[in-house]
Number of protein chains: 2
Amino acid sequence: MKSEREFFENYLIKKNLRETPQRGMILDAFLKREEHITAEQLYDIVKKCDPSIGQATVYRVLRLIVESGLAREVDFSDGVMRYEHCYNHPHHDHLVCKGCGKTVEVVDSVIEELQKRVAESFGFELTDHEMYLYGNCADCRKKLQG
Amino acid sequence: MKSEREFFENYLIKKNLRETPQRGMILDAFLKREEHITAEQLYDIVKKCDPSIGQATVYRVLRLIVESGLAREVDFSDGVMRYEHCYNHPHHDHLVCKGCGKTVEVVDSVIEELQKRVAESFGFELTDHEMYLYGNCADCRKKLQG
DNA sequence: GCCATATTGATAATGATAATCATTAGCAAC
DNA sequence: GTTGCTAATGATTATCATTATCAATATGGC
């Protein structure tokens, strides 16, 4: 927790940006939350501490957090961007239940390796990827049958 | 080409929908195009044949084409939905060059199998997936170095 | 404390797509 | 071929997440 804050402060200094109470507050709220969060959800949380905060600021700070490397954007194709932790939180992909929206973080090193090889076989240097697995979780399947 | 039209007409009949010149025209324009296309691009093409066509109709027919199974949506995360052929065009994923935007269709049956297994290991039944590999193509890398 | 400059909050703008609604067109039964 | 029912169209407006604008304010080095 401490180190994330320092990390962010270092980023601000490096970019000649200023430390402000809003930035601190938004960062804290983001760090406290372990799961994905949307800009709106974060706005709602932060408003409770400081009702005068503007949602544009939340969007702006969220972008800073991403640029600093503390967060990453996740897009489940439902029209809203979500943000998840990046710091000490290694890369992973997502398994999403189409029924209840539950998500599970997954990694498969073999898949990762194959992705790199596939890209290379077409002369590409892989820099990044997105993988979303959509399906129905055990609970939802049970409900549908029962 | 013939069979795609029949396929679409069958879909319309099955759903009690009507065959209209606009639907025919938009479908034709979509089928003629081999690569991905956006709603806006399709609108521009179709407008040349019939300037009175509305862009809402393009969006509507595009949705019908997807529902019929002739097209599938592709989202390269740039804020615009693209549509690609589905008919006699088996599932594949995409390799996208971050430099020039060039895309390559890729499939790797081992990855596909592993995706299914990963999902199952969390109790999910995989119905669908999205995978986008982002990188730099050989040409773009050469340009950057030269 | 002062000043240059970054930041804020409110609000309007944007851009893709969806909804609305009056008008028009397809088609089955007569 | 007319009628009548219903679906489809085009124009327009709405929506919704995210950005840009801009005047007012706060920050941090001097």
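Assorted remarks:
- Of all residues in the stretch B:37-57 being in contact with a Lys or Arg (Cβ under 7 Å, 6 or more places away or on another chain) and buried (at least 17 other Cβ atoms within 10 Å of the Cβ), the one that is nearest to residue B:82 (Cα to Cα): B:37
- Single residue of A:129, A:94 found to be more than 9 Å from chain B (Cβ to nearest Cβ) and open to solvent by less than 40 Å² (accessible area, probe 1.4 Å): A:94
- Any chance residue A:121 is under 19 Å from residue B:94 (Cα atoms), facing chain B (nearest Cβ under 9 Å) and open to solvent by 80 Å² or more (accessible area, probe 1.4 Å): yes
- Odd one out for residue A:74 among (1) modelled with pLDDT under 95; (2) aliphatic (A, V, I, L, M); (3) open to solvent by less than 60 Å² (accessible area, probe 1.4 Å); (4) farther than 23 Å from residue B:78 by Cα: (4)
- Positions within the stretch B:108-118 being open to solvent by less than 40 Å² (accessible area, probe 1.4 Å) and assigned to a helix (DSSP H, G or I), in sequence order: B:111, B:114, B:115, B:118
- Which numbered condition residue B:64 fails, given (1) at the interface with chain A (Cβ under 9 Å from one of its Cβ atoms); (2) open to solvent by less than 40 Å² (accessible area, probe 1.4 Å); (3) not aromatic (Phe, Trp, Tyr): (1)
- In the stretch A:2-24, the residues that are assigned by TED's automatic domain parsing to the domain that holds residue A:64 and hydrophobic (A, V, I, L, M, F, W, C) form Cβ pairs under 6 Å with partners that are away from DNA strand C (no atom under 11 Å from the Cβ) and assigned to a helix (DSSP H, G or I), at six or more places apart or across chains, as follows: A:8/A:68.
The values are calculated or read from the model by the stated rules, or taken from the named source; none is laboratory data. Everything quoted here is computed from the prediction, not taken from an experiment. Backbone-built Cβ (ideal geometry, glycine too); neighbour counts: all protein chains shown. Heavy atoms of the whole protein, side chains included, go into the accessibility calculation; ligands, DNA and RNA do not. Shrake-Rupley method; radii C 1.70, N 1.55, O 1.52, S 1.80 Å.
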